[in-house]
Every structure is written in C-alpha cells, then in structure tokens.
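To start, the structure under review is shown below, and the notes come after it.
The values are calculated or read from the model by the stated rules, or taken from the named source; none is laboratory data. Computed from a predicted structure; not experimentally measured. Please note: Cβ atoms are built from the backbone with ideal geometry, for glycine as well, and neighbour counts cover all protein chains shown. Accessible surface areas use protein heavy atoms only, side chains included; no ligands, DNA or RNA. Shrake-Rupley method; radii C 1.70, N 1.55, O 1.52, S 1.80 Å.
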Amino acid sequence: MMATPSKGESLIPLSQDFPELWEDESRMTSLFAPFRDRDLNPQGWDSKLSFWTAMILKWCERKNRTSFSLEELNKDFIRNGRIPECLPTVLAEMQRSRSVVQPEEFLKMCSISGSWRGWMFDMAVKRPVSWTFSKLKDMVIAPSVTNQTQFVHLFAVKTRSETIFSHAAEDLRGELITMQSLLSACSMQNVPPADARFIAYYLQYQGYAAVIDQNIDKVNESQVLIKLRSSTMKSQPTITDIDRGIYALSCNEKALLHYLERLENEKEDTLKQAKAYLAKGMRSTAKSCLRKKKELEKVIEKRSSALDNVQVLLARIRDTSSDSQVLESYQVGVAALKKTFKAAGLTEDDVANTMDEVKEVLETHNEIQALLAEPVDSNTDEGLEEELSDLLSGESAAGPGSGGNLDNSDKDLQNRLRQLRLNDSLPQLDDEHTPNLSVPTRAVTLDDLPSTPKTIPTPEHFP
C-alpha cells in the first residue's frame, strides 16, 4: 500500500498509471530485486534499467515534479510492503548518463553568463573539463546515492518549462512576477518551491526568461522572480530598474489592499462590540469602542488615499508602456511603407511626371480622334457648294438680253423673238392680257411661255 501524498502532490493514486506488468508477481519480484552482475545477463539488466527509468519519468509527470529523492520514490513505489531494492543502482546509472543531476550541478549549469564570451568559455572549457572529471570519477568511484540525495530530472524540467512558456498568457509576459504566480496562472499550483526554481533557471538558460533569485543559498525558502519573453521581444529579456519599481508598486498595492481589508473587518468588529456594550448598559465602554471606530476610519481614509496614489502611478506606467508600444508600431509601419514605396518606385516627382505624361497622351489621343473623324475627300463638299451657287446665280440672270450663259436652243429662240414684228395677222390681246406699262418690265424667261406654244409664223410671212 502506498504512502499518503504530502502537500503539493497529486491526490490520485499513482498505481492507476502503473503498467499491467505491475500485477505479475514473479516478474515484479525480479524487478524489485537488486541488480546482479551485468555480464551474467546483459539483456535482462538493460531491460530492468529501462523499466525503472520509464517509471521514474512517469512518476515526475504524474506528481508534477522535476526533482525527487530516493526516499520519495520508495514511498510511492512500495508494493506489498516491499520497496524496490534496485533503485540506488538505477539512480546511479541515470546520473552517469546525465539523465539526472544533483541540484547544485544543475544551478551551476544554468547560471552561466549571458554574454558570448561566457557562453564560449562554458562550452569550450568548463563543460569538457567537468565532463571528463565526472567520467573519471565515476569510473573509479561509483556515485553515492542515499535516501536524502536530491536529483533533478533534466527531461522533466525541459517538458515542464516548455509547457509553461507555451501556455503563459500575453499579460503575464514582459512583467516581473513571482514564479509561484506564473505557475498558478498555468494551472500548476502543486509545484514545490525547489522545482519552481529549477524551471525558472531552465527558462533563463534557454533564453525564454530573466530570473532574480533573492536568496539563492536557501533552496526551499527563497523567492524567485521571473520575467518571461513577450512576443514583441526579439532576444532574451533583461530585468531593469523600471521592472523592479513596477514590481515594488504592485507589492505595495497588494499590501495596502490586505491592510485596508483588515482595518475594515476591525472596524466592523468594533461597531458590533459597541452595540453589545450598549445593550448591556455599559455606555462608557461603548463610547470607547466608538472612539476606536473613528480612529480606524481616519486610518482607513489615509490608507485609501495612499492606495489611490499607488494605483494611479501603476496606471500611468502601464499607459506609458502601451504608448511606447504604439509609437514603436507606428515607426515600424512608416518604415515598412517607405520600403514599399521605394520598392514600387513611388515618389512624388515620379507621380507628378507620370500624371503630366498622362495628360499629354490624352490630348494627343483627342487630336487623333478628331483627325480620324474628318472625311477622306475634303474638296467634294466645297465643289458642290460652288456649283450650287453658280446654279442659283444662273437662274436669276437667265432670259433674253440678260447676257447669261445660254445653250444653242435658247439662243435660237431669242434670235427668233427679235425678228418678230407685230402685224395684223397676230391675234389682238384682250385687255386682261394687255401688259400694264406702269409695271416695271422684267426679262422674259422660259417660264413665261405657255405650256403649248402657238403657231409661230415662218420667216416668209414677214415683210
């Protein structure tokens, strides 16, 4: 039967995640037994090591832990009153393969300088030397594992850190907060302080965060502050004096809120006491309670004013931060727009020149359209107009003695009319046919002749 989980551990029995092999009595008896010489059965030895390595990783995932001790593993892996006697060897082999390390070594590994020189020194000098020394030591002296020896599971730290960074909301990034607040926001309330520190340092080591450890010597009591990298940051964040000031103001705001809440509760209790003393007839004691209530009200008013000032400062600082982000976005947008204009060749002079060319082209197009609309033979209409004018003038000038242009028949007729003489043989005209001499004479035209001409005497009839 397994031990009762301590505070911060999962309340669901770990045995629910155990494989079916856990119920095989003969097999589990062999797996719980100490390791024998590997040369006797290398395959069985490796299989047994793989089984317990996977079980320890599952224990870390199930317990939401990144570090453990042999004592904790023995409590949860107990079966039928028997603990796994092979775990010390398993932990020693995991330590040799660098699957687990001790806390001091893990903190040294993650506490390298953020500069390029520090990184190169760590990669080129410190780590090779340390690795060589550890290998030589492990070959000569086997790693000592006691019940209280703490180990940090590197893969468990990696998965927990990546999960926290991917699930952290944007409002938690870019500000200095406590590691416990970050874990609570990511639904990891049961992580011990030591494991929280390991996760924070790993995030810093990977460039995802900046960390302040207020007391690095006390592993289980120090408070770790972390600043996660936001989506707008291009590199690893740094903790500035502004971040520290904002964090201090936030802490003061929370402290003032708790203090005001306590004063309000005390004021209510004092008022209840005054009513109780008054009911008992203890008027002087009731008055004393009322005086205390008035003093509490004065303190509450002062602290409320201080809280308002702190909140105003925090609001101004956050507004300034958002304003700077807006300004930065404007600058980025302007730069991008300028690059777009430059890439597309859009300048003020080019646009003006292009518009002038467009106007010239449109004017040329209009002229071309006008030319295309003109008739092909431009002299035809002019010749017709001249001919019509000649006809009109010819009709008005036609007749005997007019001097107009006449054809041969007209000339012959005129000659005959000139030779006519009035004689007795011609019929007498009536009065109505007698021409009025008072009316101005006009030239005789062909229209004046009757439609059926009378018989014209031949020349022999004239004297």
Accessible area, 1.4 Å probe, largest first: how do H167, H365 sort?
H167, H365
From Cα pairs below 8 angstrom and at least 6 apart in sequence, can you work out the relative contact order of the stretch 176-314, rounded to a whole percent?
19
Sort E367, E72 by heavy-atom solvent-accessible area, probe 1.4 angstrom, most to least.
E367, E72
In nm, to one decimal, how far is the modelled label at R62 from the one at V361, with both set 7 Å along Cα→Cβ?
7.8
Do any GluC sites (Glu not before Pro) in the stretch 190-293 lie in a loop, going by DSSP, with at most 12 other beta-carbon atoms within 10 Å of their beta carbon, and if so which?
E221
Just the number, please: carbon plus sulfur as a percent of the accessible area of the stretch 222-351, 1.4 Å probe, no ligands or DNA/RNA counted.
55
Residues with amide H under 5 Å from that of Q102, placed H, sequence gap 5 or more:
V152
Solvent-accessible area per residue for the stretch 158-253 at a 1.4 Å probe radius, Å²?
49
